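**Student:** Here it is: the structure, laid out below.
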Amino acid sequence: MCWSTSFQASVAPPRSSASWALPGRADQDAAEDDVMKHVSRARHGRRLGRGSSFAVLVCANVVMMATASAPSPIYPLYRERWGLSVTMLTVVFAVYVVGLLGALLTVGSLSDHLGRRPVLVAALLVAATSTAIFWTADGVVSLLTARVVQGIATGTATGGLAAGLVDLSPERRPHLGPTLTGVGTSVGMATGAGVVGLLVRSTPRPDAYVFPFLTLTFVVLAAVILMIPETLAPRAVGSASLRPRVRVPREARPAFLASVPALVAGWSVTGLFLALTPSLVSRVLHVRSGAAGGLSIAALFLANSVGGLWSVRQTARRATLLGAVLLTLGASGLAVAIAVASPAVYVGGSVVAGLGVGLTFNGNLRAVSAVTTAKSRAEVFSAVYVISYAALSLPALAAGLAAPSWGLETTGYLYVGFVGALSLGAALHAGRSRARRPTGDPIRTGWEAGPHSERTRC
């Protein structure tokens with residue numbers, strides 16, 4: 001990365017007057033100074049530079065998310081190969097989230113205690129194990145096992161990756177860490193679904209190519225991450241640290257709670273696509289191409305990536321408001337597409353909804369990032385992802401269970417109606433938030449965080 005040599009790790013970043021008004025400022029300064037000292041010391045050892053380390057974490061995030069969406073286009077092949085029902089395929093999707101949420105609730109904040117590097121290496125090796133199980137899967141039991149292990153790996157890595165990217169963000173571009181966390185998630189899911197969707201069209205056994213490649217990639221990434229600098233001094237880990245919980249420090253709580261409506265709306269759309277879109281495309285929209293389901297998912301996530309980049313030019317609050325409006329319009333488009341059985345309208349609705357997901361998710365990540373410290377960063381991001389993945393899985397699981405009784409078309413109407421109502425509520429909530437918050441309130445400082453804000457907490 002061309003900016004990797006421009007960091008001055010030993011120089012404290014400038015602070016605006018607004019940053020001093022936030023609670024716990026002295027503790028936050030000390031935490032950020034710890035990050036700078038660790039990175040500065042690592043530059044004198046046999047470690048990658050800060051810019052290169054940042055790029056490695058971006059790649060790891062993209063690959064982890066690509067692996068999460070890679071199985072979705074293969075589900076119709078699994079259904080034919082092993083005689084699986086739509087309900088069972090939804091269960092296969094849901095157990096991934098069960099493993100992920102379990103990991104987020106127990107070890108999601110572990111990198112705040114042990115350091116980013118050892119936790120990420122362990123998570124990547126667990127991810128390699130999951131793709132190896134996919135590679136050798138011979139039935140529904142091995143498929144379920146692979147998805148659970150994959151969820152555990154993703155949940156373990158998620159908080160550490162997001163926190164590490166914020167730790168290593170450029171001094172003059174503090175928004176880059178949370179932005180690339182969100183955009184990397186979208187790019188990864190688009191890449192996984194899109195590439196595998198094309199392979200489904202060209203080979204009867206796409207899993208024989210995809211999963212060996214991903215297994216090797218995870219092993220290589222684990223080896224490379226051993227060479228990045230540690231950004232956080234290890235702390236003692238007690239049994240209470242592993243107790244299942246969602247904990248958000250007091251200073252970050254208002255911004256976190258304000259982000260919940262838009263997070264739930266956006267990730268519910270994502271759940272619809274990952275769990276039901278391949279079946280909707282083939283059986284309701286009557287598109288018989290094996291690649292169509294994967295490419296539909298890719299369209300959502302590519303638009304999601306564009307929305308994430310678009311959010312960089314907005315304040316966090318404005319990005320959330322605009323994204324929630326687009327989510328509402330996108331959900332309406334999806335309902336129309338199901339009614340008229342139009343693949344073109346479905347793709348259009350997917351793109352609009354994807355833009356909304358990218359704007360809301362990245363806007364909320366930036367708002368929350370602005371009010372966290374290095375020592376609680378993984379914990380806060382883990383809490384964000386607990387809400388996000390619960391919204392991803394629970395409505396999708398309910399839809400999968402309802403589909404055999406109500407039919408895919410009716411289930412699709414109900415799902416997009418549910419998402420539309422959530423999105424409208426999120427838009428109204430974001431629209432009211434600015435008027436209700438006084439100047440100097442920490443939640444407003446987070447929500448008004450923009451691309452050119454000085455580095456206050458990151």
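The values are calculated or read from the model by the stated rules, or taken from the named source; none is laboratory data. Bear in mind that the values here come from a model prediction, so they are computed numbers and not experimental data. All Cβ positions, glycine included, derive from the backbone under ideal geometry; neighbour counts span all protein chains shown.
**Student:** Inspect all residues belonging to region 40-49 and state whether any of them is at pLDDT 85 or above and basic (Lys, Arg).
**Tutor:** Checking region 40-49: not a single residue is at pLDDT 85 or above and basic (Lys, Arg).
**Student:** Something else now. Restricting attention to region 380-433, and to residues there that are within 25 Å of LEU280 (Cβ to Cβ) and β-branched (Val, Ile, Thr), which single residue is nearest to the chain's Cα centre (by Cα)?
**Tutor:** VAL419
**Student:** In addition: Among the residues that make up region 346-356, is at least one of them more than 21 Å from ALA66 (Cα to Cα), buried (at least 24 other Cβ atoms within 10 Å of the Cβ) and not hydroxyl-bearing (Ser, Thr, Tyr)?
**Tutor:** Yes, some residue in region 346-356 is more than 21 Å from ALA66 (Cα to Cα), buried (at least 24 other Cβ atoms within 10 Å of the Cβ) and not hydroxyl-bearing (Ser, Thr, Tyr).
**Student:** Identify, from the list VAL352, VAL287, the residue that is without any contact (Cβ under 8 Å) to a residue 60 or more places away in the chain, farther than 14 Å from GLY420 by Cβ and touching a helix residue (DSSP H, G or I) at 6+ places or on another chain (Cβ under 7 Å).
**Tutor:** From the options VAL352, VAL287, the qualifying one is VAL287.
**Student:** Next question, about the same structure. Just give me the residues in region 403-423 being of a type in the set (Gly, Ala, Ser) and at pLDDT 85 or above, in sequence order.
**Tutor:** Listed by number, the residues that qualify are SER405, GLY407, GLY412, GLY417, GLY420, ALA421, SER423.
**Student:** Can you report the number of residues in region 368-397 which are small (Gly, Ala, Ser) and at pLDDT below 85?
**Tutor:** Summing the residues that are small (Gly, Ala, Ser) and at pLDDT below 85 in region 368-397 gives 8.
**Student:** Got at least one residue in region 174-181 being surrounded by fewer than 22 Cβ atoms within 10 Å (Cβ to Cβ) and out of contact with any His (no Cβ under 6 Å at 6 or more places or on another chain)?
**Tutor:** yes
**Student:** Across region 200-214, what is the total count of residues that are assigned to a helix (DSSP H, G or I), over 18 Å from VAL58 (Cα atoms) and touching a residue at least 24 places away in the same chain (Cβ under 8 Å)?
**Tutor:** Total meeting the criteria: 7.
**Student:** Is there any pair linking a residue in region 67-92 that is touching a residue at least 24 places away in the same chain (Cβ under 8 Å) and among the aromatic types (Phe, Trp, Tyr) to one that is outside any helix (DSSP H, G or I) and surrounded by fewer than 24 Cβ atoms within 10 Å (Cβ to Cβ), with Cβ under 6 Å and at least six apart or on different chains, and which?
**Tutor:** Filtered contacts from region 67-92: TYR78/LEU84; TRP82/GLY139.
**Student:** Among the residues in region 323-332, are any under 28 Å from LEU168 (Cβ atoms), within 19 Å of the chain's Cα centre (by Cα) and among the hydrophobic types (A, V, I, L, M, F, W, C)?
**Tutor:** Looking through region 323-332, none of the residues is under 28 Å from LEU168 (Cβ atoms), within 19 Å of the chain's Cα centre (by Cα) and among the hydrophobic types (A, V, I, L, M, F, W, C).
**Student:** Just one of (1) of a type in the set (A, V, I, L, M, F, W, C); (2) farther than 28 Å from ILE225 by Cα; (3) surrounded by 24 or more Cβ atoms within 10 Å (Cβ to Cβ) trips up ALA94, so point out which.
**Tutor:** It is condition (3) that ALA94 fails.
**Student:** May I ask you to verify whether LEU365 is under 14 Å from SER259 (Cβ atoms), of a type outside the set (Val, Ile, Thr), in contact with a Ser or Thr (Cβ under 7 Å, 6 or more places away or on another chain) and buried (at least 24 other Cβ atoms within 10 Å of the Cβ)?
**Tutor:** Against the criterion (under 14 Å from SER259 (Cβ atoms), of a type outside the set (Val, Ile, Thr), in contact with a Ser or Thr (Cβ under 7 Å, 6 or more places away or on another chain) and buried (at least 24 other Cβ atoms within 10 Å of the Cβ)), LEU365 qualifies.
**Student:** Any idea which of (1) in contact with a helix residue (DSSP H, G or I) (Cβ under 6 Å, 6 or more places away or on another chain); (2) part of a helix (DSSP H, G or I); (3) at pLDDT 90 or above; (4) among the small types (Gly, Ala, Ser) is the one ALA122 doesn't satisfy?
**Tutor:** (1)
**Student:** Return yes when THR145 is assigned to a helix (DSSP H, G or I) and buried (at least 24 other Cβ atoms within 10 Å of the Cβ) and no when it is not.
**Tutor:** It is false that THR145 is assigned to a helix (DSSP H, G or I) and buried (at least 24 other Cβ atoms within 10 Å of the Cβ).
**Student:** Sort through ALA137, ALA127 and tell me the only one that's under 15 Å from PRO71 (Cβ atoms) and not in a helix (DSSP H, G or I).
**Tutor:** ALA137
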